[in-house]
Amino acid sequence: MKIMLHGIRQFFPPEARFVAGVYVLLLGVFSALRLLLLVRNVNFAHQVDTGVLLRSFLVGLRFDLAVSSYLLIPLLLLLLLPPRFRSAVLGGFVLLAGGLFFLGVAEAEFYGEFESRFNSLVYEYVGHPKIVAGMIWDGYPVVRYALIWLVLALVFLAGLRWLYRRCLADVQVVTTTRGSLLRVMGTTVALALMIFASRGGVGHEPLRWGDAFFSESTFANHLALNGLYTLGRSGWDKIYSKQDFWTKSMTPEAALAASRDMLTLVGETAQDDPRYPLLRRESSMSPLLKRQPDRPANVVVILMESFSARFVGALGAPAELTPEFDRLAERGILFERAFSNGTHTHQGVYATLTSFPNLPGYEYLMKMMEANQEFSGLPTLLRRHDYQSLFLYNGLFSWDNKEGFFRRHGMDRFIGTNDYVDPTFVDPVWGVSDVDVFSRANQEFREMAKSGPFFSSILTLSNHAPFNLPEPLPFERIRTGDVSEGRFNGIRYADWALGEFFRLARQEDYFRNTLFVITGDHGFGTPPMITPMMLSRFHVPLLFYAPGLLGDHAERRRTVASQVDIGPSVLGLLGMDDPHQGWGRNLFSATLKDEGFAVIKPSGGEEQVALIEGDRLLMIAPKEKPQLYRYDLGFPPACSENLARKEKELVGQMENRLLAYVETGILALRGRRLGIPEADAAQVGQPGGNALVDNQ
């Protein structure tokens, strides 16, 4: 053994032996960070076997080795420079490692918030350091995590100093030919081994995030990943992804034909124009709204921050957090299986108001140059009918380029955090409270109604970490004693503010002639995980509420719906048969006979996209096999095992539809073919006569 060790010491230079020791230190730190993530998010692990969780650490070593190699290959090469550079090299490495360890500690909270390892969302937040720093300081135990980071950093630094004294402190310069040859050979072998480790081994394909999915437990699979690996891959994909998987899955003609089959209802007339691939007009409208003589109905779309269906009483939630929404649902049309198209606010906003989905590579569409084109959305279409438009919001419209995007797409006026007079409460991070937004909305609607029909979007924000709410609360504070306390009070406050708005609105003349659409911008992660797409992040209530126009017409519908359906549905209810290119369907069409569908995609991470049809969910991603699940959104929710092998025919059909939908969307976006023809005076200006029926 001694002879063998002596041979290794002679063959591998001291720099390589030093780096080998650093590997051990890094693997220890990464395991500690994985343990921290497990402890912080142990609520996701209640139904996971201990053996599966332990295997997460073993599978995770492969990712830890890869990340360690990315860091240590440059270190080894730099250590081969003349000894006078060694202090600077090691000093820089210590600073880099310390920063990465800090990220690793922070990831424990990131996962708790987004149910995901680090992804491209991090890069978006980095662009808003002041707001994000304030949110983190006010909403999370920063001091506690700073102490954990300090302990890890000091232990790592102590180990590094010991390795330096053992391997590098007394290194003699090699002068013999044999010694130099052994040094070159040993370094070459060490680099080759490190390269193999960086790609996850000697397999045909390099390491991918899918290699962490070893079990039926999504949380255990996530635990096996390394957050620095997923963050680096997200950055790489953000820069270099060309989306060939999504845009070359079939011919554009075949994709367009399949997309038209998905979206075009019986009674809709396709407008065959290559400039507008999905342009269609609905000739048969749903007679649900009462006629208001010579007065088109107003439209108000309310997007509630993080309004998860899992906590809505009207949908079966046991906790009494949404009594106001529940009362509204008793007099409206409530869709029980509605989904946000993404998991971030801006995705919900543009999907709802432009009827365009959240697609791979375009998750931050409102800030991208591709968005500088006309969309077939509600602001644009209603403007052609002389609707006034207004967007009300708690915060800054510069966030996610909201004002720039929607001003381009037909929105006339914007009221944000600096436009409120004597607000009752101002959060230093997110702006005024929901009740201030709703109070101002009621004032504005009262005045706008005097000048003609109006369209407005209200985006709320109080139900957002760090959940700074006005004190004293207008209800008895909910006490849970854990991290859910802030969330529960945020939901309850947002619901209370919604109730206050309708208490004021019912006293106004505009109320009787207004269609209100209430939904969530997205949900949020909560156990259990319903399919690997974690449907709790997408499941939102969708309520069409208009007592003055619908009368006592109230019902619940099981049709699968998503935010892109809202625009076509509003047009149908208003009786406007204008040509449009919505990426959803009129949910109230008499010809809609199937169970509905939704295309959803999470923020950041790998390019996973899912198609929901009825109670089935198909998930696909580049270089991964399709996964099919049956889900149940009841209480408690349920999810089947992966059914892809058992239902291959259905998988093939759904996969074809999903790929066609995504490909057509990306190509239409790139080709700037999302708009609608110039207004034709003969086509617009008056609602269709067969749509608004006087029920009296």
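Taken together, the values in this text are just the output of simple stated rules run on the coordinates, not laboratory data. All values derive from a computational prediction rather than experimental measurement. Because the Cβ atoms are built from the backbone with ideal geometry, glycine has one as well, and the counts that use them run over all protein chains shown.
Above 17 Å, the calculated P(r) of the stretch 327-403 contains 57 percent of its Cα-Cα pairs.
If you take all C-alpha pairs in the stretch 2-240, what percent of them are over 34 Å apart?
Working: 6459 of 28441 pairs.
When all Cα pairs of the stretch 2-240 are counted, 23 percent exceed 34 Å.
Rounded to the nearest Hz, the phi-derived 3J(HN,Hα) couplings of the stretch 557-573 under the Karplus curve 6.51 cos²θ - 1.76 cosθ + 1.60 (θ = phi - 60°) are 10, 9, 4, 5, 9, 9, 4, 6, 7, 5, x, x, 5, 4, 4, x, 5, where x marks glycine and proline. Compactness ratio for the stretch 446-560: Cα radius of gyration over 2.2 N^0.38 Å (N = residue count) comes to 1.29.
For the stretch 296-605, a Kirkwood radius taken over Cα pairs fed into Stokes-Einstein (25 °C, viscosity 0.890 mPa s) yields D = 127 µm²/s.
For the stretch 379-532, give me the percentage of DSSP beta bridges that are antiparallel, rounded to the nearest 5 percent.
Given both bridge residues lie in the stretch 379-532, the antiparallel proportion sits at roughly 20 percent.
When only alpha carbons are used to place a centre, the stretch 248-276 and the stretch 369-419 end up 28 Å from one another. Pairs of Cα atoms nearer than 8 Å and 6+ residues apart set the relative contact order; for the chain it is 20 percent.
Computed over the alpha-carbon pairs of the stretch 410-483, the distance histogram in 10 Å steps reads 15, 44, 26, 12, 3, 0 percent, short to long. Of the peptides 136-143, 465-472, 221-228, the ranking by mean beta-carbon count within 10 Å, highest at the top, reads 221-228, 465-472, 136-143. Comparing Phe445, Pro14, Leu79 along the charge dipole axis of the chain, the residue lying farthest to the positive side is Pro14, per the Cβ-charge model.
3J(HN,Hα) couplings calculated from phi for the stretch 369-384 with the Karplus curve 6.51 cos²θ - 1.76 cosθ + 1.60 (θ = phi - 60°) are, in sequence order, 5, 4, 6, 7, 8, 6, 10, 9, x, 4, x, 5, 5, 6, 4, 5 Hz; Gly and Pro show x. Close amide H pairs (under 5 Å, H built 1.01 Å from N) link His522 with Ser306, Phe307, residues at least 5 positions away or on another chain.
Helices in the chain, meaning DSSP H runs of at least 4 residues, each add -39500 (n - 2.57). Divided by all residues, the mean residue ellipticity at 222 nm is -14000 deg cm²/dmol. Once the Cα atoms are used to define both axes, helix 252-263 deviates from the longest principal axis of the chain by about 50 degrees.
Considering only Ala554, Ser308, Tyr493, the residue lying farthest towards the positive end of the dipole of the stretch 296-605 is Ala554, judged by Cα position with unit charges set on Cβ. Applying the Karplus relation 6.51 cos²θ - 1.76 cosθ + 1.60 with θ = phi - 60° to the stretch 310-315 yields 3J(HN,Hα) values of 5, 10, 9, x, 5, 9 Hz, where x marks Gly and Pro. By the beta-carbon count within 10 Å of each Cβ, the least crowded to most crowded order of Trp149, Trp162, fewest first, is Trp162, Trp149.
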